[in-house]
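Reviewing the structure listed below.
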Amino acid sequence: MSVGTWKKGLEDVVATGTKISFIDGEKGVLEYVGISIDDLARNSTFEETAFLLWNGRLPSAGELDGFTKDLRSRYELPAGMAGRLISLPPTAQPMHMLRTMVSALAMHDPEPNKVDVASAREKALNILAQAPTLVAFFDRYRRGLPLVQPRKDLSFAANFLYMLNGVEPTETMARAFDVCMILHADHGLNNSTFTARVITSTLSDVYSAITGAIGSLRGPLHGGANEGVMVMLGEIDGVAGCEKYVQERLAKKDKITGFGHRVYKAYDPRATYLKTLAKQLAEDTGNQELYAKSVAVEGVMLREKAAKGIYPNVDFYSATTYHSIGLKLDLFTPMFALSRISGWAGHIIEQLADNRLYRPDAEYTGPHGVAYKRIGER
Ligand code: ACO
């Protein structure tokens, strides 16, 4: 191996080929299987998008109907899972709950280790259908409210909001949430997707791959940033306080959460759509000040940092969007996970279809030939 050729953080290293999503970070383009994210956000549904990611094409009407019915038939948790969930400490963080309970789903699968592509699809469909039930049940349990069973007559988005709140969401809310799910579904070889592919490449199981990916996603440099944005907006004293707040943090060389991206050096196309959605929802729900603060922070950041290619990322306006939908702060990152399970599963299927074990090298930079010293001599 040649010395000193490794890239810290694997920046710009191409680790695999994929037909699932395409990103042009310079132009701010994101496509799922060649279809622009904007087109999908305007015209598709999350169910249809998941089919697209798993099959490399849009479904026919019959296929979509079949896929949707199949997904809905799996909303309910296996017997015993709800009991396990309500034995968790109510103070547990939802991302830790989700990571643990997705892992636990494997113990209810009679053949958890089957990793042929057809079996992987089945397992992924179960996880995609049941993750929202886990999150909604846990949130109601910790609030001391009775659990609300899933409804098969509702879409993925509407069913989740129904289980969470105990009332059917309005069409506008359900559609807004559906669009959020579409926008977060896949994004190239991001850290959590890479994690899922690395685990899959050992021919470990789908549960392990998605559990690992959830662990990766919750980091504040990745999906955890949407919660950080909300915390930051809460710290700012009105629209008038935005300039001072951002300037002070930049002067301390702090990073402003919700800005910057390893790949995008232009406006994140998901942020463009989420900004419109955040504005509309903030107006509908009386959260105009939150939206106005977000716009003011963005204004300062664009003035100070756009020349360096730092723009709002997907997490910035999802914070206002999720808050306006009525979600509690610690549910923001789980929302990202509910959607991204579809992308992780697409990559798991793609990896299994043409697998090769990931096993990179590390350049050893430590000493050699060191004599062992007995403990009393150290
Ligand atoms: N605020 C201010 N400056 C920033 C920001 C930011 N959010 N992001 C990057 N910069 C600056 C850095 O200070 C650095 O400046 P320098 O060259 O003067 O030292 C330069 O831009 C490059 O920054 P890096 O951290 O090296 O870029 P990297 O590609 O590693 O960063 C990352 C990507 C981790 C997302 C970074 O932008 C960041 O930490 N952002 C805040 C956290 C965040 O929003 N994460 C969510 C990302 S989207 C997602 O995962 C779903």
If you filter segment 1-79 for trypsin sites (Lys or Arg not before Pro), then keep DSSP loop positions with at most 13 other Cβ within 10 Å, what is left? Lys7, Lys19, Lys27, Arg57
Most fluctuating of Leu145, Leu217, Leu105 in the GNM of the chain (C-alpha, under 10 Å) is Leu145
Principal axis lengths of the chain from Cα atoms, whole Å, largest first? 69, 58, 49
Between the modelled labels at Arg359 and Arg143 (7 Å from Cα along Cα→Cβ) the distance in nm is 4.9 nm
Let's see if you can work this out: charge +1 on each Lys and Arg Cβ, -1 on each Asp and Glu Cβ, no other charges. What is the dipole magnitude of segment 131-220 about its Cα centre, in debye to the nearest 20? 260 debye
Residue with peak Gaussian network fluctuation, the chain [Cα springs, cutoff 10 Å], from Ser294, Ser216, Ser119: Ser119
Find, among the GluC sites (Glu not before Pro) in segment 76-181, those assigned to loop by DSSP (not H, G, I, E, B) with at most 15 other beta-carbon atoms within 10 angstrom. Glu76
Asserting the computed 222 nm helical MRE of the chain (DSSP H runs at least 4 long, -39500 (n - 2.57) per run, divided by residue count, to nearest 500) equals -17500 deg cm²/dmol
Take the chain, connect every pair of alpha-carbon atoms lying under 10 Å apart with a spring to form a Gaussian network, then pick out the residue of Thr257, Thr193, Thr100 with the largest mean-square fluctuation. Thr100
Square roots of five times the Cα gyration tensor eigenvalues for segment 154-206, Å: 32, 14, 7
Length added when fully stretched, His96-Thr285, from 0.36 nm per residue minus Cα-Cα: 65.1 nm
Within straight-line cross-link reach of Lys19, lysines at Cα separation under 20 Å, skipping those fewer than 8 residues along the same chain: Lys27
Given charges at Cβ of Lys, Arg, Asp, Glu: segment 225-325 dipole, positive-most of Phe316, Gly299, Tyr264: Tyr264
Once normalised by the length of the chain, the mean sequence separation of its alpha carbon contacts under 8 Å that are 6 or more apart gives a contact order in percent of 24 percent
Against the rule of thumb 2.2 N^0.38 Å, how large the Cα Rg of segment 225-325 comes out: 0.98
Please give the FRET efficiency for Arg378 paired with Trp6, using the beta carbon to beta carbon distance and R0 = 35 Å, rounded to the nearest 0.05. 0.65
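No value in this document is a laboratory result; all are computed from the given coordinates. It should be emphasised that the depicted structure is a prediction, and the values quoted were computed from it without experimental measurement. With ideal geometry, Cβ positions are generated from the backbone for all residues, glycine too; neighbour counts draw on all protein chains shown.
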